[in-house]
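The values are calculated or read from the model by the stated rules, or taken from the named source; none is laboratory data. Since the model is a prediction, treat every value here as computed from it, not as a measurement. Backbone-built Cβ (ideal geometry, glycine too); neighbour counts: all protein chains shown. Only protein heavy atoms, including side chains, enter the accessible area calculation; ligands, DNA and RNA are left aside. Shrake-Rupley method; radii C 1.70, N 1.55, O 1.52, S 1.80 Å.
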Amino acid sequence: MRGGAGALPVPGGLALGVVLLLVLAVLPSRAAGVNVTAALAAFPSFADFARLLESSPVAGELAARSSLTLLAVPNNNLPRSPSAFAAASGADIADVLRYHVLLEYLSPSDLARLPASGKLVTTLFQTTGRAPSDLGAVNLTVGGNSTVVVRSPVPFPGSSATVLGAVTAVPYNLSVIAVGGLIVPSGLDVAASDSRPAGGVNITHVLADARGFNVAASMLEASGVADEFTADERGAGITVFVPTDDAFADLPATDRLQSLPADRKATVLRFHVLHSYYPLGSLESIVNPVQPTLATERFEAGQFTLNITRVNGSVAIDTGIVQASITRTVFDQNPVAVFAVSKVLLPKEMFGRGGADSDVMAPPPDAMAPDAAENVRTPPTRLSSPPALRGGADIHQTFFKFD
């Protein structure tokens, strides 16, 4: 007996059981669930998203679960009224939040190993029984520039968002990943399309609500082109590609977009619009890649067109001198789709021969009323700087690309 004088022999099985109990007492219990709001408390840039969770039943539902991935939206990327944003697609904000909870723990390395076909992951929304078929799941795919995109698993009207980076994690229990916007489950916007606004969708209001589009909203409102969009929504509808504030900030100084005359600015804005409603799934499977724009209608056929293709799992837009990609769905309600794009779409007819100072080809004489240019107000040349990089310095995100 080696336990010393007076020591009692301990059976081997009992000793092992005591050790296991001690270990389990030290390790965090996975059965205890996760406190998502506590995890987000250290990151002020997600305070608004955390408040949304706290004010909904979702935070309590997560307390009974473990091994989750939360797709969190930074303050600057949330719409000003998330509830109204959800309602516009026929969804309840609680179900939208449930759609941001993946019932699987995914680390950045897991995202880096996504297969080419993507990965279908069930969300908390699927467990409610309100998701038709498998529309309570999301598909994670690797898009252009090796970024990860979260999208609906079916190619019809829905929304998507780009993964911005990893925020924090409790290994194998909770992973928090930042995404570029709220994601609304597909299949819910059918009801919303039956109650479209009688006066049309106000694009500038949509952009103001979505945040991150201050420059584009300012230009649209000052030019009066937004009023044309409302009229063009009738019939086949419209699809609008809107550059983010960061896209405008990245414009080379030689392009001098803001110094253009009012009528040329208006042409650039019309160049960002297709005179047909295309949800994201339709753009991904578009048959004719060369698409006329609203600017084409004021010039000759074949001018001011966009080449739209699918590249590395995402939608790419080529103007002939600029290649951009869709980064997220801003608004999708038949007959209007609004998508954020990574770059300002500059037409080659205006910027392809020596920059913005080159002569723009003149439209046909009857394409514009003689006094049209006089009635268009010129937006200020010096616009305020766009907001800081989404999330701010306090996010402590690890941004990553996937090879």
Q. Among the residues of the stretch 185-221, how many are at pLDDT 85 or above and outside any helix (DSSP H, G or I)?
A. 2
Q | Test for SER259: is it surrounded by fewer than 17 Cβ atoms within 10 Å (Cβ to Cβ), among the small types (Gly, Ala, Ser) and within 23 Å of the chain's Cα centre (by Cα) | A | no
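Yes/no per residue for (1) over 25 Å from LEU140 (Cα atoms); (2) buried (at least 21 other Cβ atoms within 10 Å of the Cβ); (3) under 25 Å from the mean Cα position of the chain (by Cα):
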| residue | (1), (2), (3) |
| --- | --- |
| GLN303 | yes, no, no |
| LEU306 | yes, yes, yes |
| VAL311 | no, no, yes |
| ILE317 | no, yes, yes |
Q: Please specify each residue of the stretch 272-301 satisfying the condition of being under 21 Å from MET350 (Cα atoms), open to solvent by less than 50 Å² (accessible area, probe 1.4 Å) and touching a residue at least 24 places away in the same chain (Cβ under 8 Å).
A: HIS272, VAL273, LEU274, LEU294, ALA295, PHE299
Q) Given the conditions (1) surrounded by 21 or more Cβ atoms within 10 Å (Cβ to Cβ); (2) at pLDDT 85 or above, which single one is not true for ALA86? A) (2)
Q) Only one residue in ALA301, ALA231 is at pLDDT below 80, aliphatic (A, V, I, L, M), in a loop (DSSP other than H, G, I, E, B) and out of contact with any Phe, Trp or Tyr (no Cβ under 7 Å at 6 or more places or on another chain), so which one is that? A) ALA301
Q. All but one of (1) at pLDDT below 85; (2) open to solvent by less than 50 Å² (accessible area, probe 1.4 Å); (3) more than 27 Å from SER325 (Cβ to Cβ) hold for ASN173; which doesn't?
A. (1)
Q. If you go through the stretch 311-329 one residue at a time, do you hit one that is at pLDDT below 85, part of a strand (DSSP E or B), of a type outside the set (Lys, Arg) and within 20 Å of LEU220 (Cα to Cα)?
A. yes
